[in-house]
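The values are calculated or read from the model by the stated rules, or taken from the named source; none is laboratory data. Model, not experiment: these values are computed from the prediction. Cβ coordinates were reconstructed from backbone atoms using ideal geometry, including for glycine residues, and neighbour counts include every protein chain displayed.
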Amino acid sequence: MPSSSKSQVYSQPDEHGHFGVYGGQYVPETLLPALGELETAYRQAGQDQSYWEELNRLAVHYAGRPTPLYHAGRISAQLGLEVYLKREDLNHTGAHKINNALGQVLLARRMGKSRIIAETGAGQHGVAVATVAALFGLECVVYMGEEDMRRQALNVFRMELLGAQVRPVGSGSRTLKDAINEAIRDWVATVEHTHYLIGSVVGPHPYPMLVRDFQAVIGREVREQYSKQAGGLPDLLLACIGGGSNAIGLFHPFLDADVRMVGVEAAGRGLDSGEHAATLTRGTPGVLHGSAGYLLQNGDGQVQLPHSISAGLDYPGVGPEHSLLKDLGRVEYLTATDEDALAAFRWLSELEGIIPALEAAHALALLQQNRLGLADGSKVLVCLSGRGDKDVQTVARALGKELP
Amino acid sequence: MRRIPQVMAAPGKKLVPFFTAGYPQLESTVPLVLAAEKAGAQLVELGMPFSDPLADGPVIQQSSQTALENGVTVPWILKTVARIREQSQIPIILMGYINPIRRMGATRFLEEAAGAGVDGLIIPDLPPEEDPVFFEQARDAGLSTIFLVAPNTGSERMVHLGREAGDLLYAVSIMGVTGTALSARQDLTDYLKRVRLNANVPFVVGFGIATPQDVRRVGSLADGVVVGSALLQRLAQASDPPAEAYTYLHSLAAALP
């Protein structure tokens, strides 16, 4: 791609929080002071050596970073490719979400906030937030759609064990989108003592920027580990996309490199079924949850209900930076169906002894199916964003198995 | 002359009812607005329903959901305003989230809104900085752009928002979403005095106003009061919504200081 558009990517977001025409702060006036306070706290932390030292100490000794880069020998042999997995599933709490939760909870503490709220879809972010809230002795409320609570009962109980209050959200589609609405409504009323710990690269500025920066540890580690283990750069980076935090975390440190990148969205029951969460593939630009970006919406501008077997991808919006990267053509955005993801879930479990989260299984599915048109021996790096323990019940149900 | 500054310049406090357009039924909206005017309302807000109203409490969420199920769209609302204009000159403020407006096309929306007889706009998820061109075009089209201030809005920001708005500000009474109970504390008085001091334009107060006592107390500190959730809640149960709106709004209008 031409270098001019590359440099455009690198200066993102601009000082008003825009990624090209996306991003921004589409929020009620009540929230503007808090967003300003958060941005200031983040910029000040950026200058403060002790902030990064503490974050790094927690990342290493509490979360278990750096996570391994694993050469997946059996699937590599089957595909005729060299496949490496970035093992974010081995983080404490079982997914990449802890990277962002730790970064933000330290900011919340700097801002003197005593209460943390969050939304969660699959429950992985909610568990990460409940975990860091326990670690720092902060009150924690997690909003979760009733439908997601049913799908992810195990994670609901985990959050409760960690001392968080899980509030069911019964409005709209009763999934992640509605949980975010409810968290924002809570925040409008409690903003003076509460920090809203958003879990993905969505929401108003500065969230898409700071969540990206906290997740970019994934890509930075990959660059170093890959060059040590294999030398040079991989040919392709592959990650699943709901809001897009693990993908941007992997991609961002490689945007200056000559590396192909593919983000995989959930095609649900098929792109033409109308029941999917393929926002970048089938959506149009719009505004949701405080920022502009691609959106699944109808002709009247009402948000459409997404569907995915994976609660973490079941979201009708997507991060503003992904929206820009799509328009720039820097990242390709493809899709995998529920069925594809289930097949890849079993495939990785059987061949590598790793049960992946259904979210990450969407990314693996594209390799399993057609190798993404790669030449023999191509080197592929997949972000294994989380582990699949939480999905075992969903998968059993989908496979028609009764669990006791 | 634009209708909103004209009405706000007239003596007396103003009662501003909020109706979700197309709620409880599609055909309710025109008679509701006419009944409100007869009951003593001087301006009317029409809510444009959105699937994800993040500044609204349960009552307006529910009314929005019903209105969408009734088939309400932005073009339908503009046609309805044109129908109201055949019978009434009451100033009409549209309140709605930005996404459906952008989806229709912002320029087309502004032209058609002005043409239909809309007087003002409140977009709760669009601060003036986020789309200055939109607000400039709106004012060029003759619409009043009404911005929100909240208890945590700094005084300098209030001055700025008043200047940007030009004709009218909307002071949110509490930190919270629509329909939250009004605080009885001294804080509200101090806050509204601060708005008066810093906003160099008239302002109305909304969120949580439900009773004649609320209208009396808040009305004495502002140029008008907005009543939304409490009104919609009554309409939800009413067998004759316009008659219910008339009775309720009449009791509130009588309490205006």
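Here are some residues: A:Leu31, A:Leu85. Which one is away from chain B (no Cβ under 14 Å) and touching a residue at least 40 places away in the same chain (Cβ under 8 Å)? Can you show your working first?
Values: A:Leu31 fails: away from chain B (no Cβ under 14 Å).
Checking each option against the conditions leaves just A:Leu85.
Here the range A:132-170 is the region considered, the condition is being surrounded by fewer than 19 Cβ atoms within 10 Å (Cβ to Cβ) and part of a loop (DSSP other than H, G, I, E, B), and the residue that is modelled with the lowest pLDDT is A:Gly170.
Pairs meeting the criteria (first residue in the range B:126-147 and under 16 Å from B:Thr107 (Cα atoms) and in contact (Cβ under 8 Å) with a residue 40 or more places away in the chain, second residue in a helix (DSSP H, G or I) and among the basic types (Lys, Arg), beta carbons under 9 Å, at least 6 apart or on different chains) are B:Ser144/B:Arg3. Selection over the range B:145-160 of residues that are among the aliphatic types (A, V, I, L, M) and within 13 Å of A:Pro28 (Cβ to Cβ) gives a count of 3. Sort out which residues of the range A:276-296 are farther than 25 Å from B:Glu129 by Cα and outside any helix (DSSP H, G or I), and write them in order of number. Those that are farther than 25 Å from B:Glu129 by Cα and outside any helix (DSSP H, G or I): A:His276, A:Ala277, A:Ala278, A:Gly283, A:Leu296. Being surrounded by 23 or more Cβ atoms within 10 Å (Cβ to Cβ), within 14 Å of chain B (Cβ to nearest Cβ) and at pLDDT 95 or above, is that true of even one residue in the range A:204-222? Yes - at least one qualifying residue is present in the range A:204-222.
The range B:29-113 holds helices (runs of 4 or more DSSP H) entirely within its bounds, and those carrying 2 or more residues that are more than 14 Å from chain A (Cβ to nearest Cβ) and over 21 Å from B:Gly176 (Cβ atoms) map to B:29-39, B:74-85.
Just give me the residues in the range A:322-339 being in a helix (DSSP H, G or I), of a type outside the set (Gly, Ala, Ser) and in contact (Cβ under 8 Å) with a residue 60 or more places away in the chain, in sequence order. Step through it out loud before you land on a result.
The initial filter retains those residues of the range A:322-339 that are in a helix (DSSP H, G or I), namely A:322-328, A:338-339.
Now restrict to residues that are of a type outside the set (Gly, Ala, Ser): A:322, A:324-328, A:338-339.
Selection gives A:His322, A:Leu324, A:Leu325, A:Asp327, A:Leu328, A:Asp338.
Do we have any residue at all in the range A:372-383 that's within 22 Å of A:His96 (Cα to Cα) and surrounded by fewer than 19 Cβ atoms within 10 Å (Cβ to Cβ)?
Taking the range A:372-383 first, the residues within 22 Å of A:His96 (Cα to Cα) are A:380-383.
After this cut, where a residue has to be surrounded by fewer than 19 Cβ atoms within 10 Å (Cβ to Cβ) as well, the list is none.
Scanning the range A:372-383, I find no residue that is within 22 Å of A:His96 (Cα to Cα) and surrounded by fewer than 19 Cβ atoms within 10 Å (Cβ to Cβ), so the answer is no.
Residues in the range B:158-188 that are modelled with pLDDT under 95 and away from chain A (no Cβ under 14 Å): 5 in all.
Residues are listed down the side, and each one gets a yes or a no for (1) aromatic (Phe, Trp, Tyr); (2) within 30 Å of A:Gln302 (Cβ to Cβ); (3) in contact (Cβ under 8 Å) with a residue 24 or more places away in the chain:
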residue	(1), (2), (3)
A:Ile116	no, no, yes
A:Leu135	no, no, yes
A:Tyr143	yes, yes, yes
A:Asp148	no, yes, yes
A:Gln152	no, yes, yes
A:Gly170	no, yes, yes
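Residues in the range A:304-335 that are surrounded by fewer than 24 Cβ atoms within 10 Å (Cβ to Cβ) and within 12 Å of chain B (Cβ to nearest Cβ) were compared, and the one that is modelled with the highest pLDDT is A:Gln304.
Restricting attention to the range A:62-89, the residues being farther than 23 Å from A:Ser378 by Cβ and surrounded by fewer than 20 Cβ atoms within 10 Å (Cβ to Cβ) number 3. Taking the conditions (1) crowded, with 19+ Cβ neighbours inside 10 Å; (2) at pLDDT below 95 in turn, A:Asp256 satisfies each one other than (1).
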